1. If you scan region A:72-111, which residues turn out to be in contact with a strand residue (DSSP E or B) (Cβ under 9 Å, 6 or more places away or on another chain), within 14 Å of another protein chain (Cβ to nearest Cβ) and surrounded by 22 or more Cβ atoms within 10 Å (Cβ to Cβ)?
2. Given the structure, is A:E210 under 29 Å from A:E40 (Cβ atoms), modelled with pLDDT of 95 or more and crowded, with 16+ Cβ neighbours inside 10 Å?
3. Anything in region B:27-57 that is touching a residue at least 12 places away in the same chain (Cβ under 8 Å), outside any helix (DSSP H, G or I) and over 14 Å from the mean Cα position of the chain (by Cα)? List them, or say none.
4. Give region A:230-258 a look and list any residue that's in a helix (DSSP H, G or I) and either out of contact with any helix residue (DSSP H, G or I) (no Cβ under 6 Å at 6 or more places or on another chain) or within 17 Å of A:Q269 (Cβ to Cβ) (or both), or say none.
5. If you take the residues in region B:123-178 that are among the basic types (K, R) and within 13 Å of the chain's Cα centre (by Cα), which one is nearest to the other protein chains (Cβ to nearest Cβ)?
6. Which residues, taken from region A:126-144, are in a loop (DSSP other than H, G, I, E, B) and on the phi < 0 side of the Ramachandran plot?
7. Do you know which residues across region A:145-183 are under 12 Å from A:G240 (Cβ atoms), of a type outside the set (V, I, T), touching a residue at least 60 places away in the same chain (Cβ under 8 Å) and in a helix (DSSP H, G or I)?
8. Can you tell me which residues in region A:112-144 are in contact (Cβ under 8 Å) with a residue 12 or more places away in the chain, within 14 Å of chain B (Cβ to nearest Cβ) and not small (G, A, S)?
Amino acid sequence: MHQISTDRIIDAVRKLSMEAAYDLGEDVIKAIEDFKKAEESPVGKGILDQVLENAKIAREERAPMCQDTGFAVLFVELGQQVEIIGGDFYGALNEGVRRGYKEGYLRKSIVSDPLERKNTGDNTPAVIHTEIVPGDKLKITIAPKGGGSENMSEVKMLKPSDGLQGVKDFVIDRVRRSGGNPCPPIIVGIGLGGTFEKCALLAKKALLREVGNRHPDKFYADLEVELLEKINKLGIGPQGLGGTTTALDVHIEVFPCHIASLPVAVNIQCHAARHQSIVL
Amino acid sequence: MPQKKSIKTPLTDATVESLKTGDEVLITGEIYTARDAAHKRLVELIDKGEKLPFDPSGQIIYFVGPTPAKPGKVIGSAGPTTSYRMNGYSPRLIEVGLKGMIGKGEMGPEVIAKMKERKAVYFAAVGGAAALIAKSITGNELVAYEDLGAEAIRRLTVKDFPAIVALDCHGGNIFKEGVAKYEKK
């Protein structure tokens, strides 16, 4: 067994929380630079310039790139030969978030009850998704998620007869209705198949993939490219003010589903597509 | 790229009327912050006929909940939040003198109608450009509702705060016009 102490886990999550808020991935920066060259709207181009300049300031000054430092969503891959020692595993993950958000001067955006709406004051609890995997490693990914883009996300239980066209129509319509609200340019995560909740989780996991990387199955890789092109013809543009850069990428994740169902989920990610991982 | 217009707060009717959809502006003066929770309280005060914690006449509300300021800094990162959530509140504030809003995304028809009636303007700031925008904020003073944390009302002093006129008082709407211009069938 590989023993990992909760102290190491707390420290890892603390650091990841801050790095995610300050450091935009090179894949996202490159995609914005590439799309900027082709952007037809002068206002849109100016906005993309501001986004790139902002990413640079955030990285250099260790300042959050966005004031919405998000819900701390953690994806954990726990090797089955790992033994957690020194305390409660989920408690440690949350303690890491608590310390990272405090030390990093990140915004505390979580209310303890959806209706009563009192701020928890430390950005906990995190949303934690755990998978048990072979091996003796522990991989932790933090993907802080802002409210503006999350609010534009949706799950729909299509009929099997709706088929591919139904999926395309739902995705395009969801992006069109979102307009400038989710801070375009966006990344569109699509979950296809599974059950109601599995489908939503697939859509979220799709957002962890690097921008520019395609699905390994050619059919879905082609569908990603087709949807990306269609979305960028909608005219929404940077911040919804018109333009040719509405999405930087579309990622699809697929899972088998029931004979009666065709679940599809769209999880929208703003251009502050933050995620950081560590393997212990 | 057209010249950016410099404007000062508080806004006059003449200034508001001079602004057209698509104009890039640099705002200098004082602006007030408020998000969902603060708007709810402000409208409750208006309903009860009570005094607001600041006089909204001619003022601009910036829809923002900044990150905490690091030591030695005026403010943390401070980009706009999504504006449609304020659709139910903004018309009430325009009725008592508010002249401008800054946020991201489109606002609803009820807001647009009230903006035309009372001469008000809606600016879009770049969502997610929070570290950059913070550089134009030179002062930050708590006005009310400290218990709301990041959602408290603050008076910000801004110098050349970058924004774009998204909805003007003449019915101009960049979300409709801009999208129509670049949509490809």
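1. Correct list: A:G100, A:S109.
2. no
3. Selection gives B:L52, B:P53, B:F54, B:D55.
4. If the condition is that a residue be in a helix (DSSP H, G or I) and either out of contact with any helix residue (DSSP H, G or I) (no Cβ under 6 Å at 6 or more places or on another chain) or within 17 Å of A:Q269 (Cβ to Cβ) (or both), then A:I231, A:N232, A:P238, A:Q239, A:G240 are the ones that fit.
5. Residue satisfying both the conditions and the ranking: B:R154.
6. A:A126, A:P134, A:D136, A:K137, A:A143, A:P144
7. Correct list: A:G148, A:R176, A:S178.
8. Correct list: A:T120, A:D122, A:N123, A:P144.
The values are calculated or read from the model by the stated rules, or taken from the named source; none is laboratory data. Just so it is clear, the structure is predicted and the values come from calculations on it, not from any experiment. Every residue, glycine as well, gets a Cβ built from its backbone with ideal geometry; the counts of neighbours run over all protein chains shown.
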